[in-house]
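The values are calculated or read from the model by the stated rules, or taken from the named source; none is laboratory data. This structure is a prediction, so every number in the text was calculated from the model and none was measured. Methodologically, a virtual Cβ is constructed for each residue, glycine included, from the backbone with ideal geometry; neighbour enumeration extends over all protein chains shown. Heads up: the accessible areas ignore ligands, DNA and RNA and are worked out on the full protein's heavy atoms, side chains in. Shrake-Rupley method; radii C 1.70, N 1.55, O 1.52, S 1.80 Å.
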Amino acid sequence: MIRDITIGQYYPAKSPIHKLDPRTKLAGTLIFIISVFLFHTVVGYAVATVFLAGMILISTVPVKFIFKGLKAIFMILLITMVFNILLTPGEAIVTLGIFKITKEGISMAVRMAIRLIYLVIGSSLMTLNQLTDGLEKSLRPLNKIHVPVHEIAMMMSIALRFIPILLEETDKIMKAQIARGADFENGNLIQKVKNMVPLLVPLFISAFRRANDLAMAMEARCYHGGDNRTQMKPLKYKKRDHIAYLILFAYLAVAIGFR
């Protein structure tokens, strides 16, 4: 299960999407997330499906790798659907004691499931190269109102990049504890919580150690934020980015039209 989480993982490829400016990819992810919540009809979700399938095809990222991340949210997806089915008021189809399965509840559960799945898949397509520079460039106008844009972008980038590192560390600790006789599967809820202590303690120690090493490395290199800071690879929009923006705005217009 740990290895099934693909958030924050970079899949190397030479696709047109990988070559896009990070600002374009950030804008595309945001537009897709907005569109998912705009759609309320079958035609709308069909448009989102076609758009997402096209992006997956262009990205050349294996479908197996993309859908692998859905295993990590299976329980959240299941709980969301159950709550929507049982707690949404409307025309009752089946009565189960104090709960009622309604037509509106089933419709809401299906919509929420589709939205959650599409959010995970759409977000996993955003590659993480030059994410800090992309965020900083996109939020630069906020500098005029004294918002620490560079620091915010740096923190978000470090947090995202730490996800796969901590997941790999968790997997190693779990295997080491299982080899010493730890049991993370059996027992009641209280026993499972107690069994997590041998996992969480070394994980927190490792996370703090990595954070301290990173802070010392940044201080040793005289890092002082974004003031007068130059970029090794300055960001510059190219023709493919303008074409991508046209496609994104056309898709957003379609999303609003089919709302």
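Going down the table (K71/K137; K71/K192; K14/K192; K14/K175; K64/K100), which pairs top 32 Å between alpha carbons?
With Cα atoms farther than 32 Å apart: K71/K137; K14/K192; K14/K175; K64/K100.
Span-like helices, the chain: DSSP H, alpha-carbon axial extent 15 Å or more, mean Kyte-Doolittle 0.0 or greater, which ones?
22-38, 42-59, 74-87, 103-124, 149-179, 197-220, 239-257
Run the quick spin-label model on A179 and H40: label points 7 Å from Cα toward the beta carbon, then report their separation in nm to one decimal.
5.6 nm
Can you give the accessible area per residue of the stretch 147-259, in Å², using a 1.4 Å probe?
Dividing the accessible area of the stretch 147-259 by its residue count gives 74 Å².
Where is the GNM fluctuation largest for the chain (alpha-carbon springs, 10 angstrom cutoff): R221, R161, R210?
With Cα springs under 10 Å in the chain, the top fluctuation among R221, R161, R210 is at R221.
Under unit Cβ charges (Lys, Arg +1; Asp, Glu -1), what dipole magnitude, rounded to 20 debye, does the stretch 149-224 have relative to its Cα centre?
The dipole magnitude comes to about 160 debye.
Using the Cα centre of the chain as the reference point, and only Cβ charges (+1 on K/R, -1 on D/E), how large is the resulting charge dipole? Debye, rounded to the nearest 20.
600 debye
I'd like to know how the chain sits against the 2.2 N^0.38 Å rule of thumb: what's its Cα Rg over that expected value?
Against the empirical 2.2 N^0.38 Å value, I get 1.22 for the chain.
Where the accessible area of the stretch 34-114 is counted over protein heavy atoms with a 1.4 Å probe, how much of it, in %, is carbon and sulfur?
Of the solvent-accessible surface of the stretch 34-114, carbon and sulfur hold 80 percent.
In nanometres, what is the gap between the two model label sites at L57 and R111, each 7 Å from Cα along Cα-to-Cβ?
Going by the 7 Å Cα→Cβ label model, 2.9 nm.
Where in the chain lies the longest segment free of GluC sites (Glu not before Pro) that are both loop residues by DSSP (not H, G, I, E, B) and have at most 10 other Cβ atoms within 10 Å?
92-184
Can you find, among I31, V201, I114, the residue farthest towards the positive end of the dipole of the chain? Put +1 on the C-beta of Lys and Arg, -1 on that of Asp and Glu.
Positive-most Cα among the choices belongs to I31.
Just subtract the alpha-carbon distance of S15 and E219 from 0.36 nm times their residue separation and send over the number in nm, one decimal.
69.8 nm
Please list, in chain and number order, the residues 5+ apart from I93 or on another chain whose amide H is under 5 Å from its amide H, with Hs placed from the backbone.
I101, T102, K103
About its Cα centre, how strong a charge dipole does the stretch 34-170 have in debye, to the nearest 20, once Lys and Arg get +1 and Asp and Glu get -1 at the Cβ?
Once rounded to the nearest 20, the dipole reads 220 debye.
Tell me the carbon and sulfur percent of the accessible area for the stretch 139-259, rounded to whole percent, probe radius 1.4 Å.
Result for the stretch 139-259: 65 percent of the exposed heavy-atom area is carbon or sulfur.
Considering only I17, F184, I256, whose Cα is most displaced toward the positive end of the charge dipole of the chain, charges sitting on Cβ of Lys, Arg (+1) and Asp, Glu (-1)?
I17
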